Amino acid sequence: TRHAGSIVAVEGLNEVNTQEFSYNGSGSLTAAVEYQKALYTAVKGNAGLSGVSVINLSVALESPSAYAAIGDLGAYSDFANAHAYTASGGLSDKVMEASMARAAAASKGDKIVITETGYTTLSSDPGLGVNESAQAKLTVNALLTAFENGSSQTFLYELFDSSLNPDGSEKEFHFGLFNADGTPKQAATAVHNLTSLLSYVDAGTGTAASAATAYSLGGMPADGHSLTLTKANGAYDILLWRDANLWNTTTQSENALATKTVTIDLGGLQKTVYVYDPLRGSAPIATYTNVSQITLAVGDRALVVEVGSKSAYTDTAT
């Protein structure tokens with residue numbers, strides 16, 4: 001009551017097929033279902049919490065048998081719950097789509113939230129291990145792919161490197177966007193740059209509202225993806241990235257991904273176009289004026305192409 005709006009949601013049990021819990025003396029999947037029903041009923045029946053969303057329980061390892069045992073809990077959740085991890089040596093899009101589809105079937109009629117996705121910087125881990133550079137690239141790609149596939153909100157696992165469970169596996173200590181001492185890894189800086197660029201609206205009125213959907217892409221590789229996000233000032237962002245294998249699990253090193261030349265036809269003359277690379281920084285890597293077409297080298301990192309803003313984004317030091 002004192003801190004209205006501070007609770008984002010109440011989430012059901014975590015990874016019920018692998019994590020220990022007890023409800024009414026049982027740790028079975030049947031007990032997990034009964035707990036979700038009781039949790040939802042309790043939250044919605046509480047005057048202080050009734051307006052807070054309830055997220056469904058989650059399942060680890062995409063277990064079909066676990067999902068079959070759980071069934072549809074859509075009547076006892078406001079959001080479906082996906083843990084959408086992609087192996088560091090694999091492709092993301094189809095894996096994430098499948099994760100979200102299984103979660104949706106367990107919460108029919110609900111929008112989807114990804115409550116966990118991420119990579120550990122213990123590079124020797126054969127499943128999700130990468131170095132800092134690859135973690136940054138794959139984390140940005142994961143956020144964009146999740147949004148493209150319909151995730152209404154995506155939570156990254158996790159904020160800080162942690163050893164809260166000293167008996168846990170070593171990989172669990174290194175999933176953070178930040179090191180344990182609070183210093184940012186490359187992924188933290190890249191996410192900061194991405195969200196800052198996408199939320200930036202300059203003081204001008206914009207120049208491109210009528211052309212926001214008129215652009216076309218030429219030369220996009222088969223693994224290429226794109227999104228368009230419009231802004232309040234009439235400008236819009238074109239986001240380009242590739243769903244490619246960026247990590248070699250055998251050599252524990254990044255794969256070299258040859259760039260592809262992509263042509264953006266802007267559908268007419270545009271006064272200003274800024275291109276940003278969130279992994280490189282928050283300043284434009286290229287600026288174009290009075291152009292109707294540009295070409296970009298699209299490789300192993302996402303690019304943000306902003307059309308119509310009268311000024312470039314400038315990060316404010318904190």
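The values are calculated or read from the model by the stated rules, or taken from the named source; none is laboratory data. Since the structure is predicted, the reported quantities are computational estimates derived from the model, not experimental observations. Because the Cβ atoms are built from the backbone with ideal geometry, glycine has one as well, and the counts that use them run over all protein chains shown. Please note that ligands, DNA and RNA were not included when accessible areas were found on the heavy atoms of the full protein model with its side chains. Shrake-Rupley method; radii C 1.70, N 1.55, O 1.52, S 1.80 Å.
Ranking Thr289, Ala312, Trp241 by how far each Cα lies toward the positive end of the dipole of the stretch 197-318 (charges on Cβ) leaves Thr289 at the top.
Report, to the nearest whole %, how much of the accessible area of the chain belongs to carbon and sulfur atoms, 1.4 Å probe, protein only. Write down the numbers at each step before the final one.
Details: 7670 of 14820 Å².
It is 52 percent, rounded to a whole number.
I want to check a number: in the chain, how many lysine pairs have alpha carbons closer than 16 Å, given a sequence separation of 8 or more or different chains?
Values: Lys37/Lys108; Lys137/Lys185; Lys171/Lys185; Lys231/Lys310; Lys271/Lys310.
The number of close lysine pairs in the chain is 5.
So for the stretch 37-104, averaging the separation of alpha carbon pairs under 8 Å that are six or more residues apart and normalising by length, what relative contact order in percent results? Value for the stretch 37-104: 30 percent. Placing unit charges on each Cβ (+1 for Lys and Arg, -1 for Asp and Glu) gives the stretch 165-273 a dipole about its Cα centre, and among Tyr215, Leu257, Asn179 the Cα reaching farthest toward its positive end belongs to Tyr215. When only the Cβ of Lys, Arg, Asp and Glu is charged (+1, +1, -1, -1), the dipole of the chain relative to its Cα centre reaches about 860 debye.
Order the following by accessible area, largest value first: His192, His174, His83. Probe radius 1.4 Å; ligands, DNA and RNA are ignored.
Values: His192 80, His174 45, His83 10 Å².
Correct descending sequence by accessible area is His192, His174, His83.
The list [x] 80, 45, 32; [y] 66, 54, 38; [z] 69, 49, 39 gives values of Cα extents along the principal axes in Å, and only one came from this structure; which label was calculated from it? Label of the calculated value: [z].
Placing +1 on each Lys and Arg Cβ and -1 on each Asp and Glu Cβ, with no other charges, gives the stretch 44-103 a dipole about its Cα centre of roughly 100 debye. Taking 0.36 nm per residue of separation and subtracting the current Cα-Cα distance, fully stretching the chain between Thr295 and Ala75 would add 74.3 nm.
Relative to the present Cα-Cα distance, how much length would full extension add between Ala203 and Leu159 at 0.36 nm per residue of separation?
Working: separation 44, 0.36 × 44 = 15.84 nm, distance 3.24 nm.
Taking 0.36 nm per residue and subtracting the Cα distance, the gain is 12.6 nm.
Averaged over its residues, the chain has an accessible area of 47 Å² per residue, based on protein heavy atoms and a 1.4 Å probe.
Across all Cα pairs in the stretch 149-306, the calculated P(r) in 5 Å bins from zero up to the longest distance comes to 2, 8, 14, 17, 19, 15, 10, 7, 5, 3, 1, 0, 0 percent per bin. For the stretch 1-121, relative contact order (Cα pairs under 8 Å, six or more residues apart, normalised by length) works out to 24 percent. Quick one: compute the contact order of the stretch 188-318, relative version, from alpha carbon pairs under 8 angstrom and 6+ residues apart, as a percent. Across the stretch 188-318, relative contact order equals 31 percent. Modelled spin-label separation between Ala286 and Leu61, with each label point placed 7 Å from Cα along the Cα-to-Cβ direction: 4.6 nm.
I'd like the FRET efficiency for Ala101 and Ser253, computed as 1/(1 + (r/R0)^6) with the beta carbon distance as r and R0 of 25 Å, rounded to 0.05.
Computed FRET efficiency for Ala101 and Ser253 comes out at 0.15.
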